[in-house]
């Protein structure tokens with residue numbers, strides 16, 4: 001009998017050591033005291049936590065997994081979509097997340113990469129929006145976590161075709177390559193996130209040949225055009241409530257306006273011309289429109 005108690009004491013002693021240090025064992029925890037375990041920790045031979053599985057929403061399914069090295073968190077894996085599969089991976093340095101990878105469409109392939117440059121400070125986000133394993137949107141942030149620049153490949157030909165620039169988080173300029181030849185052909189400028197001017201290279205000679213101007217509501221108020229592509233404006237169109245009301249033209253491309261047209265309901269109402277190009281109006285025309293009885297004069 002004495003021998004039995006000695007052996008039992010030895011067994012209990014070693015069991016107490018293993019329970020206290022959790023050497024190579026999984027220890028379960030019930031953190032919300034509902035009688036159901038919701039965390040499971042795995043410890044190394046030194047009793048240090050190496051892996052922790054968590055049921056964060058207490059639905060009986062593990063959805064967060066933490067990995068440690070030398071007592072320091074180095075990686076987490078999460079099931080944010082709650083479909084039973086890990087879809088988000090966070091990587092840490094000095095307990096601060098420096099990178100995140102995500103599978104947003106549950107195809108087991110990463111399609112979003114997020115880089116951080118400090119505690120909760122975004123640096124760069126890369127996205128594969130059509131899930132072909134090729135990045136098509138790059139988004140940069142400034143030191144205040146505000147948008148700085150966005151580059152996008154809209155037609156998925158592996159070449160960027162639109163660039164958005166931001167100042168203190170507000171949209172400042174957009175550059176576009178609309179024919180996808182790797183050359184910018186449209187420039188848009190913004191104030192307070194509203195479009196105020198657009199410039200276009202219509203004939204693809206790397207020179208602007210159309211200028212559009214907008215009011216504070218981004219409604220067009222003026223259109224200037226270089227019709228013969230000589231680098232000078234030769235047609236001016238003016239708008240009221242987004243309808244053309246006046247057109248001025250330099251018909252001989254000498255840099256001086258020689259035709260003035262006034263419109264009503266988008267129809268010519270009055271015209272002045274400088275036919276000899278001496279700078280003075282010498283031809284006048286008025287067209288009065290009467291809708292009475294369907295007769296126009």
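Using the beta-carbon distance between residue 232 and residue 154 and R0 = 51 Å, what value does 1/(1 + (r/R0)^6) give for FRET efficiency, to the nearest 0.05? Before the final figure, lay out each step's value.
Numbers: r = 32 Å, r/R0 = 0.63.
Plugging the Cβ-Cβ distance into 1/(1 + (r/R0)^6) gives 0.95.
A simple spin-label model places pseudo-atoms 7 Å from Cα toward Cβ; at residue 213 and residue 30 they are separated by 7.5 nm.
If the segment from residue 37 to residue 286 were pulled out straight at 0.36 nm per residue, it would be longer than the present Cα-Cα gap by 80.7 nm. Projected over every direction and averaged, the convex hull enclosing the alpha-carbon atoms of the range 218-297 yields 6.6 nm².
Sorted by mean Cβ packing within 10 Å, highest first, what order do the peptides 154-161, 32-39 take? Mind dumping the intermediate values first?
On the way: 154-161: 14.4, 32-39: 11.6.
Taking the mean over residues of other Cβ atoms within 10 Å, the ranking is 154-161, 32-39.
Give the calculated FRET efficiency between residue 85 and residue 265 to the nearest 0.05, with a Förster radius of 51 Å applied to their Cβ-Cβ distance. Efficiency computed from Cβ-Cβ geometry: 0.25.
Going from the fewest other Cβ atoms within 10 Å to the most, the residues 76, 42, 31 appear in the order 31, 42, 76. Starting from the 7 Å offset along Cα-to-Cβ, what nm value, one decimal, do you get for the label separation of residue 276 and residue 45? Reported label-point gap for residue 276 and residue 45 is 10.9 nm.
Entry note, the range 218-297: relative contact order of 16 percent, from Cα contacts under 8 Å with a spacing of 6+ residues. Angle of helix 2-21 to the longest C-alpha principal axis of the chain, folded into 0 to 90 degrees and rounded to 10: 10°. Annotation for the range 183-206 versus the range 62-127: alpha-carbon center distance of 38 Å. Taking other C-beta atoms within 10 angstrom as a stand-in for reagent exposure, 239, 277 fall in the order 277, 239, fewest first.
None of the figures in this text is laboratory data; all of them are computed from the coordinates on show. The structure presented is a predicted model; accordingly, all values stated were derived computationally and were not measured. As a convention, Cβ positions derive from the backbone with ideal geometry for all residues, glycine included, and neighbour counts pool all protein chains shown.
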